[in-house]
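Reviewing the structure listed below.
The values are calculated or read from the model by the stated rules, or taken from the named source; none is laboratory data. Remember, predicted model here, so these are calculated numbers, not experimental data. We place every Cβ from the backbone using ideal geometry, glycine too, and count neighbours over all the protein chains shown. Please note that ligands, DNA and RNA were not included when accessible areas were found on the heavy atoms of the full protein model with its side chains. Shrake-Rupley method; radii C 1.70, N 1.55, O 1.52, S 1.80 Å.
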Amino acid sequence: TTLNSEKDTVAFTIHAKPVVSLGEDFGFCEGGESVIITANGGISYLWSTGQTTNSILISPMTSTTYVVTGTDSNGCKNTDALNVTIFHKPQGSIPYIPPVFVDDDLNLSSGVWTNAAVFEWQGPNAYTSNQPNNMIQDVTTDEAGMYYLTVVSPNDCESVASVMVTV
C-alpha cells in the first residue's frame, strides 16, 4: 500500500534586531542642570524609568544606569544602557579674615577643602592668584573688598566661596 503524501512549504522571514543606541556613558557635576538623553534605532521606546518617548529629561542625584528597549517596525526589540556618573563638587569654606591695617600684610587662606584640584582667587584691584594661600604685602585701602575663591575638582566641578576683607 502506498500513502499519498502532500508537501507544503512554509516561508520564514527573519528580521535582525534593531540597533538601539543611547550614546557614550558620561558624567556631570552634582547639582548641575538637567540633561536630555536620547535613544535612536527604534520607532517606539520603553525606558527603565517607565517613560515611552525617545528622549527623556534626567537629573539624577546619584550615579545611575538608564536602560531603554527600542522596538522597530517589525516588532523586534533590543536594549541599550547608559551609565551616568555624578561627580562631587569641592567642599570647604574660607576662614574669617580679621580687619587688616594699612601697610600690614593680608593673608588669604583657602581653608580646608575636599575634592579640590585647582584654586583660583579673584579680588579687588584686579587681584588674581592660583595658589590656595597667598600673602599681599603692605596693603592699602585698594585691597579692601570681596575676595572670591573658585575651587575646581579633578572632574572640573566648581564651588565658589567668598570672604570680605576690611582694610
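A few notes on this one:
- Test: residue in segment 23-31 that is surrounded by fewer than 13 Cβ atoms within 10 Å (Cβ to Cβ), on the phi > 0 side of the Ramachandran plot and at pLDDT below 95: yes
- Residue check for Asp80: in contact (Cβ under 8 Å) with a residue 24 or more places away in the chain, among the acidic types (Asp, Glu), assigned to a strand (DSSP E or B) and closer than 30 Å to Leu57 by Cβ: yes
Residue-wise test of (1) at pLDDT 95 or above; (2) surrounded by 13 or more Cβ atoms within 10 Å (Cβ to Cβ).
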| site | (1), (2) |
| --- | --- |
| Ser5 | no, no |
| Phe12 | no, no |
| Trp47 | yes, yes |
| Thr65 | yes, no |
| Gly70 | yes, yes |
| Gln91 | yes, yes |
| Pro99 | yes, no |
| Asp105 | yes, no |
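- The one condition from (1) of a type outside the set (Lys, Arg); (2) touching an Asp or Glu at 6+ places or on another chain (Cβ under 6 Å); (3) surrounded by 11 or more Cβ atoms within 10 Å (Cβ to Cβ) that Ala116 does not meet is (2).
- Every residue from segment 35-45 that is open to solvent by 60 Å² or more (accessible area, probe 1.4 Å) and either farther than 14 Å from Ser21 by Cβ or part of a loop (DSSP other than H, G, I, E, B) (or both): Ile36, Ile43
- Boolean, Ser59 is touching a Gly at 6+ places or on another chain (Cβ under 9 Å), at pLDDT below 95 and surrounded by fewer than 17 Cβ atoms within 10 Å (Cβ to Cβ): yes
- When restricted to residues that are of a type in the set (A, V, I, L, M), touching a residue at least 40 places away in the same chain (Cβ under 8 Å) and in a loop (DSSP other than H, G, I, E, B), segment 108-167 contains 1.
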